[in-house]
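Below is one structure, written out as structure tokens; the observations come after it.
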Amino acid sequence: MALLLRTFARQGVCLSRQHYGVFYRHAAPMGTTAKEEMNKFWAKNNKLNRPMSPHLTIYNWSVPMMMSITFRGTGVGLSGAISAFALAALVLPGTYPHYLDLIHSLSVGPYLIGLAKFGLAFPVSFHTLNGIRHLWWDLGKGFRLPEVYRTGYTVIGLSIITSLAVAFLL
Amino acid sequence: MAAIVRLSSVCRRGVKPLFYQGTLLARPLVVPHNYQEQPHQLTARIHASQALNAGSGSKAASLHWTGERVVSILLLALGPAAYFSPCPAVDYSLAAALTLHGHWGIGQILTDYVHGDAKIKIANAGLFLLSTVTFAGLCYFNYNDVGLCKAIALLWSK
């Protein structure tokens, strides 16, 4: 106890030096929320017009990183497609079979149709399988690095296989 | 613990430290090695600051997190349901689950990348509008057109 008090008494002089800040903060019964702190950070850096340090352009990309952003990208893409479909349903005259017939009448070759189906199926498949991987993480499992890579490659492999199967066999 | 704080304020010399009132906020104390001989006192300090916060927060964020997982699992179950037993109940459930899952998902993206109180509010309002229109459109499609399950089946039959 005395040790603590002596330390704090000494700190009074040191408090003006910012790099001691972390060790010599006094606890007072008040606090800012994380949100407030984050807003302060962004407001200050925007006001001072500070450039952002390079990050995506210099950091070594890894498979987990790429899978993560692809997961996010497929999510945004699928969500956008669903919203576009819903908007079209509200705005366009005529019914769905009518527009399907329009697409059918374009008479595209079978492999292009297969490719288009693969293009639709793969985002759904990847997002679903990686979503399951995320739920597995939410249970607290599979965080060790070899496990992350193993589940990652499994998701990629299964996504391709199921997309091909759904596109060309169904 | 308050006694420690007040005593140390008295011990501090000069006016300068008063300018740092803003930094005198409760944070977990990072402890240098030579203080480890009194771990129980330091633990008490850390626990004390936690006790001040306990019970004053809301469970909203935690419940939101759980809700997101529940909807994800529901959506996973709706996949086979749509394939093996398509029906209006599945159509409308799919519309609801897809919209809500997408709404919360995009919400997380906005939280990650949009900063500043005003911008966040505008972005979330726009998202809410989009999700509402999406749900309305999907329900309209289910009611006035072939329905989601049939639509996918027809699309794939080509």
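Would you confirm whether or not region B:50-68 contains a residue that is among the aliphatic types (A, V, I, L, M), surrounded by 13 or more Cβ atoms within 10 Å (Cβ to Cβ) and modelled with pLDDT under 95?
Initially, region B:50-68 is screened for residues among the aliphatic types (A, V, I, L, M), giving B:51-52, B:54, B:60-61, B:63.
Still in the running and surrounded by 13 or more Cβ atoms within 10 Å (Cβ to Cβ): B:52.
From what's left, modelled with pLDDT under 95: B:52.
The answer is yes; a qualifying residue exists.
Could we say that A:M38 is more than 8 Å from every other protein chain (Cβ to nearest Cβ), within 31 Å of the chain's Cα centre (by Cα) and at pLDDT 60 or above here? Steps first, please.
Values: more than 8 Å from every other protein chain (Cβ to nearest Cβ): no; within 31 Å of the chain's Cα centre (by Cα): yes; at pLDDT 60 or above: yes.
So A:M38 fails the test.
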Evaluation of A:G131 against (1) at the interface with chain B (Cβ under 10 Å from one of its Cβ atoms); (2) over 30 Å from A:P64 (Cα atoms) (one fails), failing number: (2)
Check region B:145-154 and report whether any residue there is of a type in the set (K, R) and either part of a loop (DSSP other than H, G, I, E, B) or exposed (fewer than 14 other Cβ atoms within 10 Å of the Cβ) (or both). no
Of (1) over 30 Å from B:N142 (Cα atoms); (2) surrounded by 12 or more Cβ atoms within 10 Å (Cβ to Cβ); (3) within 14 Å of another protein chain (Cβ to nearest Cβ), A:L78 satisfies every one except (1)
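Based on what the data block shows, is B:Q21 modelled with pLDDT under 95, polar (S, T, N, Q), farther than 30 Å from A:A121 by Cα and loosely packed, with under 12 Cβ neighbours inside 10 Å? Step through it out loud before you land on a result.
Values: modelled with pLDDT under 95: yes; polar (S, T, N, Q): yes; farther than 30 Å from A:A121 by Cα: yes; loosely packed, with under 12 Cβ neighbours inside 10 Å: yes.
So B:Q21 fits the description; yes.
Residue by residue, here is whether (1) within 11 Å of another protein chain (Cβ to nearest Cβ); (2) in contact (Cβ under 8 Å) with a residue 24 or more places away in the chain holds:
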{"position": "B:A81", "(1), (2)": "no, no"}
{"position": "B:Y92", "(1), (2)": "no, yes"}
{"position": "B:A96", "(1), (2)": "no, yes"}
{"position": "B:H103", "(1), (2)": "yes, yes"}
{"position": "B:N144", "(1), (2)": "yes, no"}
{"position": "B:L148", "(1), (2)": "yes, yes"}
{"position": "B:A151", "(1), (2)": "yes, no"}
Restricting to region B:56-114, name every residue that is over 25 Å from B:I152 (Cα atoms), outside any helix (DSSP H, G or I) and of a type outside the set (A, V, I, L, M, F, W, C). B:S56, B:G57, B:S58, B:K59
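With the requirement that a residue be touching a residue at least 60 places away in the same chain (Cβ under 8 Å) and either in contact with a helix residue (DSSP H, G or I) (Cβ under 6 Å, 6 or more places away or on another chain) or buried (at least 18 other Cβ atoms within 10 Å of the Cβ) (or both), what does region A:116-147 give you? Full working, then the answer.
Initially, region A:116-147 is screened for residues touching a residue at least 60 places away in the same chain (Cβ under 8 Å), giving A:130-131, A:134.
Result: A:N130, A:G131.
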Filter region A:154-170 down to residues that are surrounded by fewer than 16 Cβ atoms within 10 Å (Cβ to Cβ) and of a type in the set (S, T, N, Q), then give me how many there are. 1
State yes or no: is A:F71 more than 30 Å from B:G67 (Cα to Cα), more than 8 Å from every other protein chain (Cβ to nearest Cβ) and either touching a residue at least 40 places away in the same chain (Cβ under 8 Å) or touching a helix residue (DSSP H, G or I) at 6+ places or on another chain (Cβ under 6 Å) (or both)? no
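The values are calculated or read from the model by the stated rules, or taken from the named source; none is laboratory data. Given the structure is predicted, the values throughout are model-derived calculations rather than measurements. Because the Cβ atoms are built from the backbone with ideal geometry, glycine has one as well, and the counts that use them run over all protein chains shown.
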